[in-house]
Structures are given as structure tokens and as C-alpha cells.
Amino acid sequence: MRYDAVVVGAGPSGAAAGILLAERDLRVLVLDRARFPRPKICGEYLSPEAARVLDRLGVLKRLEGGGAVRLSGMTITAPDGTRLTGSYPCAGRWRGYRDHALAVRRIVLDRVLADRLRETAADFLEGRRVTDVIVDGDGVVGVEVADGAGRPQSIRARLVIAADGRNSVVARRLGLVAPHALRRVALMTYASGADGLADRGEIFVDPPVYAIVNPVAPGLVNLGLVLPLAGLSAHRGRLEELFDTRVRQLAGLRARFPRLARAAPVHALGPLAYRVAPPRHGGVMLVGDAAGFYDPFTGEGIFAALRGAELAADTACAALARSDCSARALAAYVRTRRAAFRDKERVTRVLQFVIARRWTANAAARVFARCPALLSLVMGVFGDFVPPRALLGPPALAALLRRR
Ligand SMILES: Cc1cc2nc3c(=O)[nH]c(=O)nc-3n(C[C@H](O)[C@H](O)[C@H](O)COP(=O)(O)OP(=O)(O)OC[C@H]3O[C@@H](n4cnc5c(N)ncnc54)[C@H](O)[C@@H]3O)c2cc1C
């Protein structure tokens, strides 16, 4: 059978794309090299607006009923110890789909999405690794796949949707991936002993390092450190030791959670940031991390994966209905995706500048400490429901004038 669409990867972006295309009666095949449930290195924070897409996909209630932790905001500790308590705005002009974010373990989130995908008419094959794309002239016409026993198979489709994450074989085979100047690595684990952490995540900024603590289950937090990649290779094979040393060096984190103890092995992932150019070929679209990644500080990767899949599904359906999957026809998705995420990317870049130096981080913390309304606006931007442009216009000015 020739499929309308083959989706490579069944993480949040691939599962969402598969569900949305199957719901529109297209013949869809979703392939993942893993079998679910499978682990994924992640801070496990879901922005309030991610809930809207999860509801549309039919999984929000399952997650809410299945132990997802509600987060009313974030507490950020600056290098000088200034503590900012940011809550999502739940009154006024902008409201999130939920007035809280969620902490959900990826082993749960991705399994729930995979289960939902199985309920649709899409074919979903696990343990199938895509090894290459099949190119004919200026179009991608399918993928090469290896099954569990390594046997090769060619699968043809009118459209290939690359949702295969940060090491996307599709994006690499098409020569679209380039390194980023921001060279950072994340060390992730789970920990116990974060006493007093209830309905908030916490971020500790201590340039050039920052740490994120996210309460994912009773008595258990997701604990991540983001640090420069330089010099890390000297610690190869001694990640736990490096992690513990860095945690001890973070004075704010140590003072806040003196009983913090690792409860799982440490995993490293980096370099975190990379760029991916839009495809020059027709017949292919990139969603989620396959389309690029910057930094996890603002925790929008899963939202971007889900929202990107929505946008991709819209363009894919229109293109398939017109029997025109040329690069030109699919460029509509590249444009809408860029428009959807461009402003937040700019905010994230400014933020990276601020948190890269002690004096800028401390100065920004002092401003936000005096202007809680401005902090709340920024939380709404992080939460993906306040448009980033609000930070440049009258709403930000009004928030600045409402000083404490
Ligand atoms: C350290 C860190 C912390 C983060 N914290 C957060 C956070 O707190 N909140 C947040 O929103 N985002 C966070 N992110 C980002 C988030 O994890 C990603 O943006 C998100 O997982 C992207 O989803 P995806 O579906 O595109 O890719 P993935 O979740 O990576 O899924 C890709 C899927 O493709 C499959 N695959 C890969 N290669 C192949 C192949 N060749 N053939 C077949 N299948 C294949 C994989 O098995 C996998 O199932 C973080 C990222 C990092 C690095």
C-alpha cells in the first residue's frame, strides 16, 4: 500500500501529527525505532497552552487523571540569592487554556500519546528504524526502514513527516542540520529530598550554569543542570561525580534543598542547540526537534512539537487534497511555523544573554522583584499564551508602572 503520509518518530510531534492526519481520513503510517514506553531526557514541564493541543488530541484528561502535577508557576533564584515567585496570569486580557502548567514524566506522556495514536486508523509500527530517505528528482518519495532484525524495507508515501527528534535522520540525510554557536550540555536525573516543593518548579541561575527542579511525582523531582559543553569530555565516564560537584557549587540550590539526593543515574545530552534549514525538496516536512532546538530554559519544546504538528497537519491535508506536495506548496507550513515561534525565540535569545552573566541576571531579578505584574506577563509568555510582543508594548509599560 502507498501511504498518504509516513511519519518518522512517535514522540509528541510524531504522535500528534499521526493522530491529526488519521482523524482526517488520510492513510498514515507512523514508525518509531523504539518501543513504548521509552525514556526521553527532558525537564518534563508542559506549558499551560500545551494543554490545549493535548485536549484536542484527546489525552489531556488521561494525563490529568494519571498523576500529572499542577504547577501554578516558577520560582527563580538569581545569582545574588534574589528569589522571584512568578505565577501564570489568570486574570485580565490573556488566559491560558489552563491556569497552571503540568509536570508529567515523559515515560507517561509519550506512552499516553502512543496509546491514543493506536486508537486511530493510523498504522503504528514500533521497533522500526528509518535509515534513509528515498529521493526522486526534487522530491522525497519515501523512507528506507530497518525492522527489529535489521532487515531493510522501502516504504513509499506521498509525504514524509520527519518527527524523529534531535538526531533526525531525515534532516541529516537531506543536509539540513548545522551546529549552533551556543555550546551547552544538559545533565539530567531524578532526585528526592526537595522538601517544601509543592506546586512550583524552581530555577537556579548561577552563570554559566543553571539548574531546574521540577516536581514530577510525590517526593520526586526532575533535576537538570545546563552547563557549557567545553571541558566536559574530561569527565567522560564520571558523570555522577561531575553532577554532584556542580550541584554542590550551586549555593542557592544547596541552601534551598539541603537534603537533595540523586535517585537515578545521570544522563548527559549535548550540544543542546542546533539549526535546521527548511527542506529544499518537496514531499517532506520537519516537525518538533527535527526542525531545530535552542535551549530548554523556557521549556517550550513539547508545546512547539505539538503546535508544530497541528500546523504541519493543516498544510499537509491541504497539499494532499490538491495533490501538490512540492516544496513550494509545503513552504506554507515553514512560514506559519516561523510566524508562530519567531517572537518567542527572540525573547529566549534575550533571556540567554541575561542569564549568561551574573550582573545582568542580578539586575534583571531586581527589576522583576519590584514589578511582579511584569514577571507575571513574562510567565504568560513562557506559558505560550501571552504573545511575546506584549513585552514591548503598553501591557509591559503598564506592568512596569504598577511597581511594588
Ligand atoms: C535537557 C532537555 C530538557 C528539556 N526540557 C523540556 C521541558 O521541560 N519542557 C518542554 O516542553 N520541552 C523540554 N525539552 C524539549 C523536548 O524534550 C523536545 O522539544 C521534545 O521532546 C520534542 O519532541 P519530538 O517529538 O520532536 O522529539 P522526541 O521526543 O525526541 O521524539 C522523537 C522520536 O523519534 C524516534 N526516532 C528517532 N530517530 C528515529 C529513526 N531513525 N527512525 C524511527 N524513529 C526514530 C525516537 O525513538 C523518538 O520516539 C527539553 C530538551 C532537553 C534536551
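All of the numbers you see were taken from the coordinates with simple rules; none came from a lab. Everything numeric in this text was worked out from a predicted model, so none of it was measured. Please note: Cβ atoms are built from the backbone with ideal geometry, for glycine as well, and neighbour counts cover all protein chains shown.
Net length available on complete extension from His180 to Arg95 is 27.2 nm, with 0.36 nm assigned per residue and the Cα-Cα distance removed.
Residues whose amide H comes within less than 5 Å of that of Val141, counting only those at least five positions distant or on another chain, are Ile134, Val135, Asp136 (H built at 1.01 Å from N in the peptide plane). Anisotropy class assigned to region 177-328 is prolate, per the alpha carbon gyration tensor with a/c at or over the 1.5 cut-off and a/b larger than b/c. What the phi angles of region 340-351 give under the Karplus curve with 6.51, -1.76 and 1.60, with θ = phi - 60°, is a coupling list of 5, 10, 4, 5, 5, 4, 5, 4, 5, 5, 4, 4 Hz, glycine and proline written as x.
Take every Cα-Cα pair in region 286-380 and report what % of them are more than 19 Å apart. Percent of Cα pairs beyond 19 Å in region 286-380: 53. With q set to 0.12, 0.20, 0.27 Å⁻¹, the log10 of I(q)/I(0) for region 19-80, from the Debye formula over equal scatterers at the Cα positions, is -0.50, -1.09, -1.26.
Taking 51 Å as R0, compute the FRET efficiency from the Cβ-Cβ separation of Arg2 and Glu64 and round it to 0.05. Don't skip to the end; give the middle numbers.
Numbers: r = 39 Å, r/R0 = 0.76.
Plugging the Cβ-Cβ distance into 1/(1 + (r/R0)^6) gives 0.85.
Computed from the Cα positions only, the extents of region 152-219 along the three principal axes stand at 54, 31, 20 Å, in decreasing order. Relative to the current alpha-carbon distance between Ala234 and Ala263, full extension at 0.36 nm per residue lengthens the span by 8.0 nm. The relative contact order of region 237-378, computed from alpha carbon pairs under 8 Å that lie at least 6 residues apart in sequence, is 16 percent. In this structure, Ala332 and Arg370 have a Cβ-Cβ separation that, at R0 = 35 Å, corresponds to a calculated FRET efficiency of about 0.20.
Rounded to whole Å, the principal axis extents of the Cα atoms in the chain read 62, 51, 41, largest first. Ranked by the mean number of other Cβ atoms within 10 Å per residue, highest first, peptides 76-89, 334-347 order as 76-89, 334-347.
For Leu109, neighbours were defined as the other residues whose beta-carbon sits under 13 Å from its Cβ, and their charges (Lys and Arg +1, Asp and Glu -1) total +3. Within a Cβ distance under 15 Å of Val266, other residues only, what is the Lys/Arg minus Asp/Glu net charge? Residues near Val266 contribute +2 overall.
Peptides 26-36, 290-300 ranked from most to least packed by the mean count of surrounding Cβ atoms within 10 Å: 290-300, 26-36.
Once the Cα-Cα distance is subtracted from the 0.36 nm per residue extended length, the Asn167 to Ala363 segment shows a gain of 66.8 nm. For region 116-132 versus region 192-238, the spacing of their alpha-carbon centroids is 33 Å. Across region 72-87, coupling constants 3J(HN,Hα) worked out from phi with the 6.51/-1.76/1.60 Karplus curve, θ = phi - 60°, read 7, x, 10, 10, 10, 10, 7, x, 7, x, 4, 10, 10, 10, x, 10 Hz, and Gly and Pro carry x. Taking amide H as placed 1.01 Å from N in the peptide plane, Val30 has its amide H under 5 Å from the amide H of Val7, Asp123, Phe124, Leu125, each at least 5 places away in sequence or on another chain.
Counting other Cβ atoms within 10 Å, which trypsin sites (Lys or Arg not before Pro) in region 99-181 have at most 12 and lie in a DSSP loop?
Filter output for region 99-181: empty list.
Please report the equivalent ellipsoid semi-axes of region 184-269, computed as sqrt(5 x eigenvalue) of the Cα gyration tensor, largest first, in whole Å.
Numbers: eigenvalues 89, 36, 24 Å².
Its equivalent ellipsoid spans semi-axes of 21, 13, 11 Å.
Any idea what diffusion coefficient region 37-174 gets from Stokes-Einstein, in µm²/s, Kirkwood Rh on alpha carbon pairs, 25 °C, 0.890 mPa s? Let's see the in-between values first.
Details: Rh = 18.3 Å.
After rounding, the answer is 134 µm²/s.
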